[in-house]
1. Can you list the residues, at least 5 places off or on another chain, whose amide H is less than 5 Å from the amide H of Thr136, using H built in the peptide plane?
2. Starting at the first residue of region 101-110, write each ³J(HN,Hα) from the Karplus equation 6.51 cos²θ - 1.76 cosθ + 1.60 with θ = phi - 60°, in whole Hz, x for Gly and Pro.
3. Once phi is turned into ³J(HN,Hα) by the Karplus curve 6.51 cos²θ - 1.76 cosθ + 1.60 with θ = phi - 60°, what whole-Hz value does each residue of region 123-128 show in order, with x for glycine and proline?
4. Take the alpha carbon gyration tensor of region 66-143, find the square roots of its eigenvalues, order them as a ≥ b ≥ c, and report rounded if a/c is under 1.5; if not, report prolate when a/b exceeds b/c, else oblate.
5. Would you list which lysines come within 27 Å of Lys54, measuring only between C-alpha atoms, while excluding same-chain residues fewer than 8 positions from it?
6. Please list, in order along region 112-120, the HN-Hα scalar couplings obtained from phi with the Karplus expression 6.51 cos²θ - 1.76 cosθ + 1.60 (θ = phi - 60°), rounded to whole Hz, x for Gly and Pro.
7. Order of 60-72, 125-137 by packing, highest average Cβ count within 10 Å first?
8. Cβ neighbours within 10 Å, averaged per peptide: list 42-50, 91-99 in order, most packed at the top.
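Throughout, read-outs are computed from the coordinates displayed, never taken from laboratory work. Fair warning: this is a prediction, and the values are worked out from it, not measured in the lab. With ideal geometry, Cβ positions are generated from the backbone for all residues, glycine too; neighbour counts draw on all protein chains shown.
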Amino acid sequence: MKKDLDEIVEHEIKGSILRSLCKDYEEGEKCNEYFFSLEKMRYRQKTIACLKRKDESLITNQSEILEECRLFYLNLYKKDANVSTDNFSDFFRSNTIPRLSEQKKEICEQDLTENELLNTLKAFKKNKSPGLDGLTAELFIEL
């Protein structure tokens, strides 16, 4: 029973350490209160405690805050039937947009060289994943 309880406690501690985003954790460390307080602080930093509506009233209820945010973005990105697209074609045909010369177009169309790719990989931050796959730049440099 004690072993099962210890495993549950250890699982909770690891979860707290993970959620607290602590980078200075060492294996076997039992500084529970520190990680729990750090986790609470990070949670408070990530949440919206109070929101002001357009009518200047304040909202503190989390479900009302979420609903107000949802309505804001729903209204922000709704399709506007009154928008005319006639001006867009005129904009792209105008001479005010800078154009690339033929020489610069050819440079942009060339394949990337291995040296350019390697220099770009070396410029990335260490132990960071530049893409969604979770693979770090160091992995590609070693290949």
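1. none
2. Going residue by residue, I get 6, 4, 5, 5, 4, 5, 4, 5, 7, 5 Hz, with x marking Gly and Pro.
3. Once rounded to whole Hz, the list reads 7, 5, 5, 6, 6, 10.
4. Numbers: a/c = 4.69, a/b = 1.30, b/c = 3.61.
Taking the square roots of the gyration eigenvalues as a ≥ b ≥ c, region 66-143 is oblate.
5. Lys46, Lys78, Lys79
6. With coefficients 6.51, -1.76 and 1.60, one gets 6, 8, 4, 5, 5, 5, 5, 4, 5 Hz.
7. Numbers: 60-72: 12.0, 125-137: 10.5.
Descending packing order for the listed peptides: 60-72, 125-137.
8. Values: 42-50: 9.6, 91-99: 7.3.
The most tightly packed comes first, giving 42-50, 91-99.
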